[in-house]
Amino acid sequence: MKGIMFALTAGAGIALQGIANARIGQGIGTWQAASMTQLTGFVTSLAILLILGRGGWRRLGEVKPVYRAGGALAALIISANMAAIGAIGATVTVAVVLIAQLMFTFAVDLFGWFSVAGTRIGWTQIAGIGVMVAGILILSL
Amino acid sequence: MLMGITLAFLSGVLVGLQNIFNSKLGERTNIWITTTLVLGMGFAASFTIGLVVEGGDLFVLKGMQTWYGFSGIIGVVVVVSMVQGIQRLGPTFAVSVMMVSQLGFALLFDTLGWLGLAQIPISPSRVVGLLVVAAGIAIFKTDPGRLRGLKLRGAKQGITNK
């Protein structure tokens, strides 16, 4: 039960963050908003990291530089997301983001990109994506 | 409409890509190093693009409200909840619940027109559409190993693991 509450909170937080970003973007501009929310998140996370002081840096060097820089993608993610929410609303935006995310995960597993350990994929995943697309069409009626 | 959907789709693909990069980081470090690094990189990239696009105007925060400065903390709450949820429920179920929760709250925020969002009245087609998307997520997260003989090329690992 506690686990469900945590997962629900995480989902609510992600949805809230999307619309908060869109709102802040309208207020002070897209890049100002993206910079500000990332900076405040970074400072908070850094503070937690320092307080916990657990180390764990030792093997950071083993991670490919491109993976270490992956966070930079957030600039594009946030700006595209803000514009999408402004244009089509939060519900359809979230639904399309989730479908795209799952389709990408599916492709990664299918083609073995990024040497990700294969999860189980098969027809249920194709059916799931089909059903989700149908849901989006109904949503946009 | 099409523009919005295209942007949302692009954003989703990039989220998928970033999740992979983040998990590669997470394998070698811990969740807070990963989160700090990801947000720091995100800031550096947004700030750089902002400087290129807007120049000095990037520092003009006309219309600034105090709460804007705290919204980044939501991201940290998300990380904590996600980690706790995954620990208790396992990744597949936790992520499914999280995705459905995102949809539900997005519908709620649209309906209420929260935070100056254009209000979109709730309608039967929106509720049904959302439930169908949620069902799609549940189907996607179902283990295909149960459907023996229907597996795809990339799934070879899946069934032999059992």
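Quick look at the numbers
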quantity: Highest-fluctuation residue, B:Gly136, B:Gly90, B:Gly16 considered, GNM on chain B with Cα pairs under 10 Å; calculated: B:Gly16
quantity: Close Lys-Lys pairs in the protein assembly as shown, where close means Cα under 22 Å and separation is 8 or more or interchain; calculated: 7
quantity: Residue-averaged 222 nm ellipticity for the protein assembly as shown, from DSSP H runs of 4+ at -39500 (n - 2.57), nearest 500; calculated: -25500 deg cm²/dmol
quantity: Karplus-derived 3J(HN,Hα), 6.51/-1.76/1.60, for each residue of the stretch B:47-60, Hz, glycine and proline x; calculated: 5, 5, 4, x, 5, 5, 6, 10, x, x, 4, 4, 8, 8
quantity: B:Met64-B:Ser23 pseudo-label distance in nm [points 7 Å out on the Cα-to-Cβ vector]; calculated: 3.9
quantity: Computed E for B:Thr92/A:Arg54 - FRET, C-beta separation, R0 22 angstrom, nearest 0.05; calculated: 0.20
quantity: Cα-projected label distance for A:Ile4 with A:Trp123, points at 7 Å along beta-carbon direction, nm; calculated: 3.1
quantity: Separation in nanometres of the label points that stand 7 Å from Cα toward Cβ, at B:Val52 and B:Ala118; calculated: 3.0
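Every number here is computed from the coordinates shown, using simple stated rules; none is lab data. On a predicted model such as this, the values are computed, not experimentally measured, just so you know. With ideal geometry, Cβ positions are generated from the backbone for all residues, glycine too; neighbour counts draw on all protein chains shown.
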